[in-house]
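Only the coordinates and a few stated rules stand behind these numbers; no lab work does. What you see is a predicted model, and the numbers here were worked out from it, not measured in a lab. Methodologically, a virtual Cβ is constructed for each residue, glycine included, from the backbone with ideal geometry; neighbour enumeration extends over all protein chains shown.
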Amino acid sequence: MINPIFNRKNLDHFVEVFAKQSTALGEYLEKYVGMHDVNLFQIVKRCNLDITCETMLGVQTNAQEGESEVAKWIDKFSEIMLYRLYKFWYHYDFIFKWTTLYNEGEEFINKYNLFIKDIIKNKDKSVTSESPTLLDFLLDLFANRSELTTDEIVDEIKTFVLAGFDTTTVMSCFVITMLAMHPDIQKRVYDEVLTVLGPERMSDFRDLPCLKYTDLVIKETLRLFPVLPFIAREVLEDLCLDEVITLPKGSLLLLGVIQVHRSAEYWSDPLKFDLDRFLPETATNRHPFTYIPFSAGPMNCIGQKYGKMAFKTIVAILVRKFQFRTEYKTVDEIKLTNKVIVRPRDGFKCSFEMRKKE
Ligand code: HEM
């Protein structure tokens, strides 16, 4: 039902916000120039929270300026969720409900619910604004229909915010790390950005499809670092895989996206960062499900276009301004940890200089 609101025309509205916030990020990053081991993730995350709240809800959270209450609730709640996930005894509600973390979590959820409900209450139900948000599109879609209640719309928007900003953040940071590790590729991306955007101009929606080389970089980064490394499913009927293996009904299935993406069976020299894999002539020879960073089928990622447009804008604007370096020499050196979303265990290890204009 909701898929149509993520169409190109609606998403094109958001590129202006992506570009404005990425430019603010660039200004903010200037103070870290020349420093070692900058915590890129935390900084880019604030930018993405501002992007998410502005494009989805129409509110300015000013997380990049360090003032955001919403950022604090979401950070705190994500911490609690992860803590719970890794302590199996807390999976049981009857145990977890006795902890102070449960009470804290509930407090953050309640604040977050109220915050979104308040925004909806104060909204006009039709899309008239010059900068409509995802919430506007959603309310518009359901204005005269009864499929979704207000509580369900609140739930959808909450899901978009949570599903959207951490994934886009990690992805932007991985792309920058790959560029930092491959200076020649970084130079080509810079050249492409300069040709398309020029030295100063903010990007708009017409620019993004022209960044074709940058697209290859993004695709190959998503192969090596699919930010959701596993997809979980419940087997609803006995599922026969071959003569020997049948998955019994009721079992829990974890699909290892990262294993498929790094399997030598499907990818030659799988840990090599190789953009040629995504040239049209090579890509057509592959089984489509050997590359599933956004999953596939009816439950695939609803926000993939939005996400790709957001981190492409961030990367383009940052690469135009800075020259990135990393201590990592090979993909293999980046040891990963799974915090629902995959991240480098030892951080992104990036540093950067102002780019000298050529
Ligand atoms: C790098 C960016 C992203 C990646 C790699 C990614 C990946 C994925 C994957 C693999 C799934 C399927 C999970 C499953 O089947 O269990 C998924 C689902 C989902 N994603 Fe994304 N995602 C990204 C960005 C976003 C953004 C920006 C949004 C919101 C605007 C979003 C919203 C969602 C939602 C709502 C679902 C659940 C769909 C459902 O359950 O039917 N994602 N995503």
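Summary table
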item	result
Positive-pole candidate from ALA316, MET299, LEU224, dipole of segment 222-345, charges at beta carbon	ALA316
Mean Cα-pair separation over length for segment 204-325, i.e. relative contact order, pairs under 8 Å, 6 or more apart, %	26
In segment 1-98, GluC sites (Glu not before Pro) in a DSSP loop with at most 14 other beta-carbon atoms within 10 Å	GLU67
Shape of segment 248-311, Cα gyration tensor, a/c cut at 1.5	oblate
Sparsely packed GluC sites (Glu not before Pro) within segment 212-251, loop by DSSP, other Cβ within 10 Å at most 13	GLU237, GLU243
FRET efficiency, 1/(1 + (r/R0)^6) with R0 51 Å, evaluated for THR149 and HIS287 via beta carbons	0.80
Contact order normalised by residue count of segment 33-115, Cα under 8 Å, 6+ apart, percent	20
Greater than 18 Å apart at Cα, pairs in LYS219/LYS308; LYS219/LYS356; LYS212/LYS308; LYS76/LYS339	LYS219/LYS356
Linear extension gain, ILE95 paired with ASP276, 0.36 nm per residue minus alpha-carbon span	60.0 nm
Size of charge dipole - the chain - debye, nearest 20, with Cβ of Lys, Arg +1 and Asp, Glu -1, no other charges	600
Segment 26-129, dipole about Cα centre (Lys/Arg Cβ +1, Asp/Glu Cβ -1), debye to the nearest 20	420
Test item: Cα-centred dipole of segment 261-358, Lys/Arg +1 and Asp/Glu -1 on Cβ, debye	560
Potential lengthening between LYS76 and ASN113 on full extension [0.36 nm per residue; Cα-Cα distance subtracted]	11.8 nm
Part-to-part distance (alpha-carbon centres) for segment 146-203 and segment 269-314, which is given in Å	14
Extension gain from ASP184 to LEU254, taking 0.36 nm per residue of separation minus the Cα-Cα distance	21.5 nm
Selection from GLY66, TRP267, LEU197 lying farthest towards where the dipole of the chain points positive, charges on Cβ	LEU197
The chain: calculated mean residue ellipticity at 222 nm from DSSP helix runs of at least 4, using -39500 (n - 2.57)	-15000 deg cm²/dmol
Gyration tensor (alpha-carbon) shape descriptor, the chain, a/c threshold 1.5	rounded
Mean separation of Cα contacts under 8 Å, 6 or more apart, over the residue count of the chain: relative contact order %	26
Global geometry of segment 230-358, whether rounded, prolate or oblate, following the gyration tensor of its Cα atoms and the 1.5 cut on a/c	prolate
